[in-house]
Amino acid sequence: MEKPITIEPAEMDDLVEWLGQFGEQTGGGIIRHVYDDAWSAARRALMGVMSEAGLEVREDAVGNLFGRIAGESQRTVLTGSHIDTVVLGGRYDGALGVLSALAALRALKPLGKPRRSVEMVALCEEEDSRFHANFWGTRGILGKISESELTDLVDDRGVTIGEAMHRAGFPPEKLRDAKRDDLDAFVELHIEQGRILFDEHRPLGVVDTITGLYRFRVTLEGRTDHAGTTPMDLRRDALQAAAEISAEMTRIVAEAGRPAVVTNGWWDVQPGAWNIVPGLVHFSVDLRHPVEATKQRLASEIRRRGEEIAARRGIGISYEVVGDILPMDMDSSLKRELQAAAEARGVTWIPMISGAGHDSQVMATGVPTAMLFVPSVDGRSHSAAEYTSPEDAARGATVLAEALRRLAY
Ligand SMILES: [Zn+2]
C-alpha cells in the first residue's frame, strides 16, 4: 500500500488566503456572486492552479468548473462545493470544499491512473444571493433547470440570469449540455456553519441527513385606529396578534427540542407609524426538522395555534406556503467510506444533521452523495467572521483525499 496522503495545514491556509482575495471588500467580507467579475476572476485563477496540478480542466454550459484525473473507467467520483458567496460572506463557506477538493486531487495525481475517474468541481451558484437561483450549478448537472428560469430570474439591477450567463461567456441556449450521466458519487466537504463540532471539540462530522424545510408567510389583518383615542380593549391590533403567534410557535418548537428550529426573520408592519395601531402585518416562518413526519406535525400545530390566537383577537389570518423541502438522507455506503477513511487517518468523527441547505441535498436526488463537516469557530458563518483553523481544514482535506483514494483507486 502507498504511503498515506497527508495534507498540511499550511497548504490549506495558503489556499484559503488566496481564493479569499477574489471579491473581498475594503471593509471586510466577500461578494462573489454568480457571473459577476469577482466570480469570473476567481474561476480564471482556479483554472490556472488546476492546470498546473495536471488536472484536465473544463467548464460546462452553466459555469461549473471541473478538474479531472481520467481513470480506466469513464464513471466518475466527483468532489467539490460552490464558489459563490452570500453578500459579505466569509472565506470558507463553499470555498473550503472547492479548495479541499483541489488539495486532495493534487495529492492523488502522482498515484497514477485511477480505476474510476476522479474530478473536482467549483459549482457556479448555490447561495441564491444575486438571483433566486438556488443550487443553479447542481441543477444544471442534473438537468433540472427549466428554460423559463433564464428569463424569470432577475437580479436587482434588472438583468436576467440568461443575460448574465451570456455576458460571462456561457450561451444560455446550451444550458442542456451541462447535464451529466457519468457520476457514481458526489462528496462535498463543507464548514458546519453551526457550533456543535466546535463546542464538542470534534474535528469532523459525517452528515446523516440534510434537514427538511417548511416556509410560509403569515398575513394578519386587523384595523388601523388612532393610537391616542382607541382604548386598549377596543383595538384589533394585527401586530399584537402576530407577536403572540410568534412567541407561541417559538415555544412549541423549542419544546420539541433539538434539532427542531423555527425563525421569524422578516417582518412587515403597516402602516408603520408611531401614532397608528398596526392594521396589517406580514411575517415569515422558516421551520426545519430532519424527520419529515415531525416537520409536518410541527407545521400543522403552529398553523392551528396561529388560527386560534387570531380568532380570539378578532384578527384575520392567512398563510402562503413558499417552500416545502423534504429532508435528504445521505447515501449509506458512501457515508461508511467517509467514516472508514476518517478512522484510517485517526480523525475522530461524529454523525451530524445539517441544519443548513447544501448542493448535496439536490445532488442526492440524482447521484449517491455524502458530506463531511469541519468545525466553524464559534459557529460563525455567512459573515466575515467565518473561520476554520488550518489544522481542522487540513484534517478534513486529508480524510477527503483518503476517501477518494478508496473510492476511485
Ligand atoms: Zn455553502
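What follows is calculated from the coordinates using simple rules that are stated; it is not laboratory data. Note that this is a predicted model, so its numbers are computed, not measured. All Cβ positions, glycine included, derive from the backbone under ideal geometry; neighbour counts span all protein chains shown.
Of note:
- Given R0 = 30 Å, the distance between the Cβ atoms of residue 350 and residue 293 translates into a calculated FRET efficiency of 0.80.
- Using Cβ point charges alone (K and R +1, D and E -1), the dipole size of the range 6-141 about the Cα centre works out to roughly 640 debye.
- Value of relative contact order over the chain, rounded to a whole percent, pairs C-alpha under 8 Å and six or more apart: 23 percent
- Percent RCO, i.e. relative contact order, over the range 66-130, from Cα pairs under 8 Å lying at least 6 residues apart: 55 percent
- The range 254-409 - percent relative contact order, Cα under 8 Å, separation 6 or more: 18 percent
- Per-residue ellipticity at 222 nm, computed for the chain from helices alone with -39500 (n - 2.57) per DSSP H run of at least four residues, works out to -11000 deg cm²/dmol.
- Counted by Cβ distance under 12 Å from residue 396, the other residues give a net charge of -2, where Lys and Arg count +1 and Asp and Glu count -1.
- Considering only beta bridges that DSSP places wholly inside the range 1-150, some 60 percent are antiparallel.
- Model label zone, residue 217; criterion: amide N under 14 Å from point 7 Å along Cα-to-beta-carbon; scope the range 269-287: 269-270, 281-286
- About the Cα centre, charge dipole magnitude for the range 115-188 (Lys/Arg +1, Asp/Glu -1 at Cβ), debye: 280 debye
- Estimated FRET transfer efficiency when R0 is 25 angstrom, pair residue 146-residue 44 (beta carbons, to 0.05): 0.30
- This ranking places 47, 165 by how few other beta-carbon atoms lie within 10 Å of each, fewest first, which gives 47, 165.
- Simple point charges give the picture: +1 on the Cβ of Lys and Arg, -1 on the Cβ of Asp and Glu, and for the chain a dipole about the Cα centre of about 660 debye.
- Extension reserve of the residue 177-residue 286 stretch, reckoned as 0.36 nm per residue once the Cα distance is removed: 35.8 nm
- Remark: the Cα gyration tensor places the range 112-244 in the oblate category, a/c being 1.5 or greater and a/b not exceeding b/c.
- Selected from 104, 55, 94, residue furthest toward positive end of dipole (the range 37-107; charges at beta carbon): 104
- Cα shape, the range 341-408, gyration tensor, a/c 1.5 rule: oblate
- For the range 8-151, the square roots a ≥ b ≥ c of the C-alpha gyration tensor eigenvalues yield an a/c of 1.5 or more together with a/b not exceeding b/c, which makes the shape oblate.
- Distance between modelled label sites at residue 87 and residue 168, nm, 7 Å Cα→Cβ extension: 1.8 nm
- Within the chain, the longest run free of GluC sites (Glu not before Pro) that sit in a DSSP loop with at most 15 other Cβ atoms within 10 Å is 148-409.
- Only beta bridges with both residues in the chain are counted; by DSSP, about 65 percent of them are antiparallel.
- Residues in the range 334-359 that a label on residue 199 would reach, taking backbone N under 17 Å of a point 7 Å out along Cα→Cβ: 350-356
- Note on residue 233 and residue 385: the model spin-label points, each 7 Å out from Cα along the C-beta direction, lie 4.7 nm apart.
- Loop sites in the range 230-314: chymotrypsin sites (Phe, Trp or Tyr not before Pro), DSSP, at most 15 other Cβ within 10 Å: 266, 274
- Approximate spin-label separation residue 37-residue 128, in nm, with each point projected 7 Å along Cα-to-Cβ: 2.9 nm
- Label-zone membership for the range 224-258, site residue 307, 7 angstrom Cα→C-beta point, backbone N under 20 Å: 241-253
- Extended-chain gain in nm, criterion 0.36 nm per residue less alpha-carbon gap, residue 251 and residue 275: 5.6 nm
- Formal net charge of residues neighbouring residue 8 (Cβ-Cβ distance under 15 Å; K, R +1; D, E -1): -3
- The GNM of the chain, with springs linking C-alpha atoms under 10 angstrom apart, assigns the highest mean-square fluctuation among 117, 360, 73 to 73.
- Taking a straight Cα-Cα cut-off under 19 Å and skipping sequence neighbours fewer than 8 places away in the same chain, the lysines within cross-link reach of residue 144 are 174, 179.
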